[in-house]
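Below is one structure, written out as structure tokens; the observations come after it.
The values are calculated or read from the model by the stated rules, or taken from the named source; none is laboratory data. Treat the numbers as computed from the prediction; the structure is a model and nothing was measured. Note that each Cβ is placed from the backbone with ideal geometry, even for glycine, and that neighbours are counted across all protein chains shown. These accessible areas exclude ligands, DNA and RNA; they are computed on the full protein's heavy atoms, side chains included. Shrake-Rupley method; radii C 1.70, N 1.55, O 1.52, S 1.80 Å.
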Amino acid sequence: MTNKIIRHVLAEFPYQTPRIERGYANQTLYVNVGTGEIKAKPVSDEMKLKFTGGKGFDLWLLWHAVHDDTKWDSPENEIVISTGPCGGITQYPGSGKSLVTTVSPTTEIITDSNAGGHFGPLLKFSGWDAIEVQGIAEKDVMVIVDAIEGKVTIEEMPDAPNDTHLLGRWLYDVLAEKPQEKYYIAMVSAGTGAEHSLLGCLNFSLYDRKRQDVRYKQAARGGPGTVLRQKHIKALVVRAQPFKGDANHPADMERIARVGADIQREIATWDSVQNRMRNRGTSYLVEIMSDYDLLPVNNFKFGSHPQARDINGAYWETRVTQGLPDGCWYGCTVACAHAVDGFELQTGPYKGHKVIVDGPEYETIGAIGSTCGIFDPDAILELNFYCDTYGIDTISYGNTISFLMECYEVGILDQEKTGGLELTFGNAAASLEILHQLARGEGLGKIAALGVRKAKTYVIEHYGADPQFVQDIGMENKGMEYSMYMGKESLAQQGGYALTNKGPQHDEAWLIFMDQVNNQIPTFEDKAEALHYFPMWRTWFGLCGFCKLPWNDVVDPKNSKSAEPAKIPHHVQNYVDIFSAVTGREVDINEIIAMSERVYNFQRVFNIRLGKGLREHDYPPYRGVGPVTEEEYESRRERYDQQLREWLGLDPDAMTLQEKMAAHRHYRTERYERLMDAVYERRGWTRNGVPTVEKLKALGIDFPEVLAVVEKKLRAED
Amino acid sequence: MITLNKREELEWHEGLTVQDILKQKTFTYPHIIVSINGAVIDHDAYAETLIPDEADVRVIHLIAGG
Ligand code: SF4
């Protein structure tokens, strides 16, 4: 450690790393950066049984930390991070995820977001199943969990840079006494953009041994980076001891190794002829989505574009560095976390610097690319890099810019209001300029910094925009911007987006192909069943520390002969085996679903406690349901006309365009109401979306304070 | 006429193959199962497999994405 660096220790808590037993450290870490209090909290057996870990632990800790009226910027709001009992396994791919939970600045309810990188597993191996950070520091601080020195500190480090790509290199140099120590350091940070916007993401670092540099994966949804910077935290850091592949001390190591070897073989055999994740990452989706009319283009008006081929997987395969083990945690042979090396920046404060750009992943390509009408790969890389280092969620940023672009194209904004920018779809230079403004807290960047929901209010209040039109085209639900799939022709996906706890992120349910293309869930009941099973199944990954991708992005073709191929039963069995083998708690798929149901319903009640989480909050914007504008209708006229004939028995030839659009709107919105009824019933909720007392009792989460929230709401409904 | 995925009716003509349907529908995703009247068609045989009139054709995409 160099002596020149100023490290002003504000608080210190000595501790000894306990032995990890069956995936658990059996304690969590509480840090208050406002008061300097640091303490350990025990993890009870009941906590493990009912909340499992990961997001479950996050929510349980957060529930006890906040009040009914806590806002995102209240001192008692917390950032809670946990991996889960299987986090840190190196024998099964995709076992190093961390889950972040906080009260969100954009949705004002609970947001959760997952990321790869090394923080969660290293935190656990340093003795902590979760970290909860509360309070607001006076000046910028670091929270450093140092397992080598056996202490947790809150420190001021006034020389530390702000933006993540600089901060990471600086901090790793400061903390590592020997170069190899960098392998076992991980940090969570944001950047200057997160200081000036509600769209702040968290960068989770990992040390790339081949590149000898720090890289980052993002937990981005709902603005956790904004909360971090509002607390005046520059970084949460862990400095761990070297560890071995059995660091979780699982109950049955041999069983884990056997299941792991099986899936590694599957990946080695099939990835190269399926999605080629090992070569191009999730960018393989661009072309497919465009071919199936599902790629958001121009603020979700359209679903495909001929220039999509300029930014498709085949292109990125030529652009990202090949041949490196790009896993975001050890042992992940899917290795989809690619990067473009030596990218020379053309704009902004780091113009001329050569940098590593992590990604771009599909969601980012869609958000800052196609949905803004931008198909220039260099512009996408530049936007991607700056969003990351500034600590900005690419999905939310892209949606907000595409919303503002449409506002410009319809005349709600003009050059006077944009500060001279011609904010048309496709103008990458304008998007970059606004991003830099956002990071400086200036100009139009201040409106983009609000996210779509608050930007809607802004243009209504300041520029007299038509509230209905603005509501229709702004792609957000609950205050969270949509991830990158067009759901207009998939009712189930409309529910998969909006009938969610945190908002329209596809990590709960991705049903477009099952529904729209394959027609495997034709009835309301079928869709409701899918909107029960898949959200519960996918929630479970975030309780345990797993990445969802190895579940369904590489699959042995013999899966197609199974009774329910969409569930990928032999991979489900792998997870049953791994969880049982780590924890020694023998489970089956029903128990897995029950674990998720407990946490899922608990999160729903938590949102109700914070004043939301009801039916009225579960409606999508109409842009996500059907054609808002004449231009959109005309772009798919044949399909929409045919639907009028088949669905409604109408003769489109005898109708005006306005009549046809009105008929669609009436039908599509009514159909969505019926879906809500079916889903709520399947989930054991009232028509207003409130979990019933019976449901909570059946799940074993009928804690008095939980029941009190629900009973109060149910009484009000009566 | 043939039925695609129990929903859509498509024109039938003499010599219509599985490949033709995939092209017509821009079904480019490689990981699919095609069946005609319940019989699964080999991946390698799409170009030469003829679809009879009135057939019940299913093209199931094995993508659970996102
Ligand atoms: S599949 Fe990709 S995102 Fe998931 S753990 Fe592996 S490298 Fe990370």
Query - Restricting the range A:75-94 to residues that are open to solvent by 10 Å² or more (accessible area, probe 1.4 Å) and more than 12 Å from the ligand (Cβ to nearest atom), the residue that is nearest to the other protein chains (Cβ to nearest Cβ) - result: A:Gln91
**Report entry** Those residues of the range A:460-479 which are aliphatic (A, V, I, L, M) and in a helix (DSSP H, G or I), in sequence order
**Finding:** A:Ile460, A:Val470, A:Ile473
Requested in this report: Would you point out the residue of the range A:456-468, among those that are of a type in the set (D, E, K, R) and over 11 Å from A:Phe403 (Cα atoms), that is surrounded by the fewest Cβ atoms within 10 Å (Cβ to Cβ)?
Outcome: A:Glu461
Query raised in the report: Which one of the conditions (1) away from chain B (no Cβ under 12 Å); (2) more than 14 Å from the chain's Cα centre (by Cα) does A:Phe546 fail to meet, given that it meets all the rest?
Result: (2)
Report summary line: Among A:Lys660, A:Lys612, A:Lys712, the single one that is open to solvent by 20 Å² or more (accessible area, probe 1.4 Å) and in contact (Cβ under 8 Å) with a residue 24 or more places away in the chain is A:Lys612
Query raised in the report: List, please: which pairs have Cβ atoms under 7 Å, are six or more places apart or on different chains, and start with a residue in the range A:332-345 that is within 14 Å of chain B (Cβ to nearest Cβ) and touching a residue at least 12 places away in the same chain (Cβ under 8 Å) and end with one that is outside any loop (DSSP other than H, G, I, E, B) and within 6 Å of the ligand (Cβ to nearest atom)?
Result: A:Cys336/A:Leu549
Query raised in the report: Given the structure, is A:Glu108 in a loop (DSSP other than H, G, I, E, B), within 24 Å of A:Arg209 (Cα to Cα) and away from the ligand (no atom under 16 Å from the Cβ)?
Result: no
Requested in this report: Output the residues belonging to the range A:95-105 that are of a type in the set (S, T, N, Q), within 16 Å of the ligand (Cβ to nearest atom) and in a strand (DSSP E or B).
Outcome: A:Ser98
Requested in this report: Among residues belonging to the range B:44-60 that are open to solvent by less than 20 Å² (accessible area, probe 1.4 Å) and in a loop (DSSP other than H, G, I, E, B), point out the one that is farthest from the other protein chains (Cβ to nearest Cβ).
Outcome: B:Ile51
Report task. Check off (1) within 16 Å of the ligand (Cβ to nearest atom); (2) within 14 Å of chain B (Cβ to nearest Cβ); (3) in contact with a Ser or Thr (Cβ under 7 Å, 6 or more places away or on another chain); (4) not acidic (Asp, Glu) for A:Pro504 and give me the number that stays unchecked. Result -> (1)
Query raised in the report: Given A:Gly313, A:Gly352, A:Gly366, which one is away from the ligand (no atom under 13 Å from the Cβ), closer than 30 Å to A:Arg209 by Cβ and within 14 Å of chain B (Cβ to nearest Cβ)?
Result: A:Gly313
Query raised in the report: Which one is farthest from the ligand (Cβ to nearest atom), of the residues in the range A:542-557 that are under 15 Å from A:Val273 (Cα atoms) and in a loop (DSSP other than H, G, I, E, B)?
Result: A:Asp556
Query raised in the report: Does the range A:576-595 contain at least one residue that is open to solvent by less than 50 Å² (accessible area, probe 1.4 Å) and within 23 Å of A:Asn279 (Cα to Cα)?
Result: no
Report summary line: Exception for A:Gly348 within (1) assigned to a loop (DSSP other than H, G, I, E, B); (2) under 30 Å from A:Glu489 (Cβ atoms); (3) modelled with pLDDT of 95 or more falls at (2)
Report task. Look at A:Ile512 and say whether it is outside the structural domain of A:Pro296 (by TED's automatic domain parsing) and surrounded by fewer than 24 Cβ atoms within 10 Å (Cβ to Cβ). Result -> no
Report summary line: Checked against (1) within 12 Å of another protein chain (Cβ to nearest Cβ); (2) in a helix (DSSP H, G or I); (3) modelled with pLDDT of 95 or more, A:Glu254 satisfies every condition except (1)
Query raised in the report: From the set of residues in the range A:324-349 that are away from the ligand (no atom under 15 Å from the Cβ) and out of contact with any helix residue (DSSP H, G or I) (no Cβ under 9 Å at 6 or more places or on another chain), which is most open to solvent (accessible area, probe 1.4 Å)?
Result: A:Glu344
Report summary line: Apart from one, (1) under 15 Å from A:Arg211 (Cβ atoms); (2) more than 19 Å from the chain's Cα centre (by Cα) all hold for A:Phe302; the odd one out is (1)
Report task. Identify, from the list A:Phe541, A:Phe513, the residue that is within 12 Å of another protein chain (Cβ to nearest Cβ), farther than 13 Å from A:Ala678 by Cβ and among the aromatic types (Phe, Trp, Tyr). Result -> A:Phe513
Query raised in the report: Looking at (1) open to solvent by 10 Å² or more (accessible area, probe 1.4 Å); (2) in a helix (DSSP H, G or I); (3) in contact with a helix residue (DSSP H, G or I) (Cβ under 8 Å, 6 or more places away or on another chain); (4) not aliphatic (A, V, I, L, M), can you tell me which one A:Trp72 breaks?
Result: (2)
**Report entry** Filter result (outside any loop (DSSP other than H, G, I, E, B) and closer than 16 Å to B:Lys6 by Cα) within the range A:480-523
**Finding:** A:Phe513, A:Met514, A:Asp515, A:Gln516, A:Val517
Query raised in the report: Just checking, which of B:Ile32, B:Ile41 is within 11 Å of another protein chain (Cβ to nearest Cβ) and within 18 Å of A:Val517 (Cβ to Cβ)?
Result: B:Ile32
Report summary line: In the range A:560-575, anything open to solvent by less than 10 Å² (accessible area, probe 1.4 Å) and either touching a residue at least 40 places away in the same chain (Cβ under 8 Å) or at the interface with another protein chain (Cβ under 10 Å from one of its Cβ atoms) (or both) is listed as A:Ile568, A:His571
Query raised in the report: Does A:Asp58 count as open to solvent by 10 Å² or more (accessible area, probe 1.4 Å) and either more than 21 Å from A:Glu108 (Cα to Cα) or at pLDDT 95 or above (or both)?
Result: no
Report task. Give the residue that is surrounded by the most Cβ atoms within 10 Å (Cβ to Cβ), with candidates limited to residues of the range A:279-297 that are over 22 Å from the mean Cα position of the chain (by Cα) and more than 9 Å from every other protein chain (Cβ to nearest Cβ). Result -> A:Ser290
Report task. State yes or no: is A:Ala130 open to solvent by less than 10 Å² (accessible area, probe 1.4 Å) and closer than 20 Å to A:Ser197 by Cβ? Result -> no
Query raised in the report: Can you tell me how many residues in the range A:268-304 are without any contact (Cβ under 8 Å) to a residue 60 or more places away in the chain and of a type in the set (Asp, Glu)?
Result: 2
**Report entry** Matching entry among B:Ile21, B:Ile63, B:Ile33 (being assigned to a helix (DSSP H, G or I) and buried (at least 18 other Cβ atoms within 10 Å of the Cβ))
**Finding:** B:Ile21
